[in-house]
Amino acid sequence: MTTAGIHFQHITDEGQVLEKILSRDKPFFAYIVPNLLDKEMTFESGGEIYERLHSKENYYLDWFNEAMKENKNNPNMRGVQEGYRHCCERCFDAGRDPYHEHVCLDGVSQNFEEQIGVIRKGKSLIKDKTGVTPWAYCPPNHLFDLNTTESAIASGFEKFIIRNAFDYIGLNVKIPAYGEYIIKMIPESKLGQGKKSPIIATYYDSLVNGQLDDFMKILDNSSFCSPIRRKPTIKIWANNKLLIQAKKFRERKRR
């Protein structure tokens, strides 16, 4: 079973694409970034984020908030929380890829108290602004550690979305949804990069700019997956290690 997913970032229309998706009456995950609901949010240092790190065009418009409110009880839409700020001031100031939150690629990470604090703030903000109670947690840039999963559990999440990192090296490797401790891990591939993950997702602007037909094929066969009871395997361990190396390589290319 495969579930379609949409990362709501860089919304470049007035809701026409979302209307087409909702009219299909098929299950999908709606990934929401709390920061993009609040232009006044700052870093803990007080440094600005709006138009400094997240562009003005990336923030959610009123129509999006209203659409989420109208569909907050839609059984075909399950909300996914992506962090809180979805960015790192420390790495931004250092000229590194800043679009993560809990764990930096150089090994620096937030402690448990910091992570649970921002996760809970983000969950409350999504609920307050859109009426949606997030069903799963997805760490920004898919970078996380044990503190992240434990913070998600302590914040009431039972599902946690990870990245199928084998996509980055062109290997179509299947990683099923699995149980880890008391949380269920659900791997994701991006549309056009991999086909064997429980979630196939894309970004909203990609749908507006040409991916809609391909996404609709995924959506028309979409169903909410049920994670199996399976302990992590060597393949899953390798996936987590590969993720870090792939992200580091991508950052080096960008720099």
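The values are calculated or read from the model by the stated rules, or taken from the named source; none is laboratory data. Keep in mind it's a predicted model, so treat the numbers as computed, not measured. Glycine also receives a Cβ, built like all others from the backbone with ideal geometry; neighbour counts cover every protein chain displayed. Surface accessibility is based on the protein's heavy atoms, side chains included, excluding ligands, DNA and RNA. Shrake-Rupley method; radii C 1.70, N 1.55, O 1.52, S 1.80 Å.
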Mean shadow area (nm²) of the C-alpha convex hull around the chain is 12.7
Quick calc: nm separation of the 7 Å Cα→Cβ label points for Asn111 and Glu150 -> 1.2
Log entry: pair-distance distribution for region 1-53, C-alpha pairs binned every 10 Å from zero, whole % per bin is 19, 41, 24, 15, 2
Rh_Kirkwood(region 26-150) over Cα pairs, Å, one decimal, evaluates to 15.0
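For n ≥ 4 DSSP H runs only, could you compute -39500 (n - 2.57) per run for the chain, divide by its residues and tell me the 222 nm figure to the nearest 500? Show your work: numbers first, answer last.
Numbers: 7 runs with 80 residues, N = 255.
Estimated from H runs of four or more residues: -9500 deg cm²/dmol.
Could you check how much of the accessible area of region 71-194 is carbon and sulfur, as a whole percent, using a 1.4 Å probe?
Working: 2400 of 4810 Å².
Its accessible area is 50 percent carbon and sulfur atoms.
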The computed P(r) of region 120-206 puts the percent of Cα pairs beyond 17 Å at 53
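With a 1.4 Å probe and every protein chain left in place, work out the accessible area per residue of region 1-83 in Å², rounded to a whole number. Each step should come with its number before you reach the end.
Numbers: 3870 Å² over 83 residues.
Using a 1.4 Å probe on heavy atoms only, each residue of region 1-83 averages 47 Å².
Let me know the number of lysine pairs in region 114-184 closer than 20 Å at the Cα, not counting same-chain pairs under 8 apart. Could you put the intermediate results ahead of the total?
Working: Lys121/Lys129; Lys121/Lys159; Lys123/Lys159; Lys123/Lys184; Lys127/Lys159; Lys159/Lys174; Lys159/Lys184; Lys174/Lys184.
Step by step, the pairs that qualify in region 114-184 add up to 8.
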per DSSP, antiparallel bridges as share of beta bridges in the chain, % nearest 5, sits at 15
So Glu14 and Lys72, fully extended at 0.36 nm per residue minus their Cα-Cα distance, gain in nm 19.0 nm
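Would you mind putting 96-109, 28-41, 76-89 in packing order, based on average other-beta-carbon counts within 10 Å, highest first? It would help to have the intermediate numbers written out before the result.
Working: 96-109: 18.3, 28-41: 21.0, 76-89: 22.9.
Peptide ranking by packing, descending: 76-89, 28-41, 96-109.
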If each K or R counts +1 and each D or E counts -1, the residues other than Asp214 whose Cβ falls under 15 Å of its Cβ total +3
